[in-house]
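J.: So that we are looking at the same thing, I have put the structure below in structure tokens.
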Amino acid sequence: QVQLVESGGGLVQAGGSLRLSCAVSGSIFSIIAMGWYRQAPGKQRDLVAGISSDGRTNYADSVKGRITISRDSAKNTVYLQMNSLKPEDTAVYYCNVEGFPRRSSGLGNYWGQGTQVTVSS
């Protein structure tokens with residue numbers, strides 16, 4: 001069974017940095033894409049950044065230049081390095097993975113449990 005284990009959230013002052021990690025627990029045959037989403041209270045869950053199996057990345061306009069997504073394919077882990085954090089970055093951050101759990105299975109979409117990021121002004 002595929003599970004995602006997140007870590008790295010916390011409280012930081014504006015202008016500070018945090019690094020989130022998300023590791024795939026359990027076997028997975030192939031990962032297509034990994035990403036991070038966030039959801040602030042009363043708002044919808046939005047994409048922050050994504051990275052494909054060939055390393056292509058995409059970012060929300062609001063985080064470009066401040067946040068970097070990367071992955072370690074050998075460890076099935078995705079990272080989110082967040083610099084120059086702003087109070088408006090405060091949200092629960094969720095890891096997402098799209099992949100095939102087994103060679104013969106259909107495409108699965110998996111979510112982490114979420115990790116709170118709070119940026120104080």
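The values are calculated or read from the model by the stated rules, or taken from the named source; none is laboratory data. The structure displayed is predicted, hence computed values, not measured ones. Cβ coordinates were reconstructed from backbone atoms using ideal geometry, including for glycine residues, and neighbour counts include every protein chain displayed. Each accessible area value is taken on the protein alone, full model and side chains, heavy atoms only, with ligands, DNA and RNA left out. Shrake-Rupley method; radii C 1.70, N 1.55, O 1.52, S 1.80 Å.
J.: Calculate the spin-label point distance for Asn83 paired with Asp54, positioning each point 7 Å from the Cα along the beta-carbon direction, and give it in nanometres.
T.: 2.8 nm
J.: Here's something else I'd like to know. For the chain, what is the convex hull volume of its Cα atoms per residue in Å³?
T.: Numbers: hull volume 11.7 nm³, N = 121.
Taking only Cα atoms, the chain has a hull volume of 96 Å³ per residue.
J.: Identify the trypsin sites (Lys or Arg not before Pro) of segment 35-96 meeting these criteria: DSSP loop state and at most 11 other C-beta atoms within 10 Å of the C-beta. Write out the running numbers ahead of the final one.
T.: Numbers: sites: Arg38, Lys43, Arg45, Arg56, Lys64, Arg66, Arg71, Lys75; in loops: Lys43, Arg45, Arg56, Lys64, Arg66.
Answer in residue order: Lys43, Arg56, Lys64.
J.: Can you tell me the accessible area per residue over the chain, all protein chains present, probe 1.4 angstrom, in square angstrom?
T.: Values: 6450 Å² over 121 residues.
Result: 53 Å² per residue.
J.: Based on Cβ point charges of +1 for Lys and Arg and -1 for Asp and Glu, what charge dipole magnitude is obtained for the chain about its Cα centre, in debye rounded to the nearest 20? Working shown, then result.
T.: Numbers: 12 positive and 8 negative charges, 24 e Å.
Computed about the Cα centre, the dipole is about 120 debye.
J.: To make sure I understand the rule: partners must be lysines, Cα under 28 Å from the Cα of Lys43, and not fewer than 8 residues away in the same chain. Which ones qualify?
T.: Lys64, Lys86
J.: While we're on this one: How many angstrom lie between the C-alpha centres of segment 14-64 and segment 92-109?
T.: About 13 Å separates the Cα centre of segment 14-64 from the one of segment 92-109.
J.: Counting only protein heavy atoms, what percent of the accessible surface of the chain is carbon or sulfur at a 1.4 Å probe?
T.: 46 percent
J.: Just the C-alpha atoms of segment 67-121: what Rg/Rh do they give, with Rh taken as the Kirkwood radius?
T.: Numbers: Rg = 14.5 Å, Rh = 13.3 Å.
With Rg and the Kirkwood Rh in hand, the quotient comes to 1.09.
J.: Full extension from Val5 to Ser120: what is 0.36 nm times the residue separation minus their Cα-Cα distance, to one decimal in nm? Provide the component values of the computation, followed by the final result.
T.: Working: separation 115, 0.36 × 115 = 41.40 nm, distance 2.54 nm.
Difference between extended and current length: 38.9 nm.
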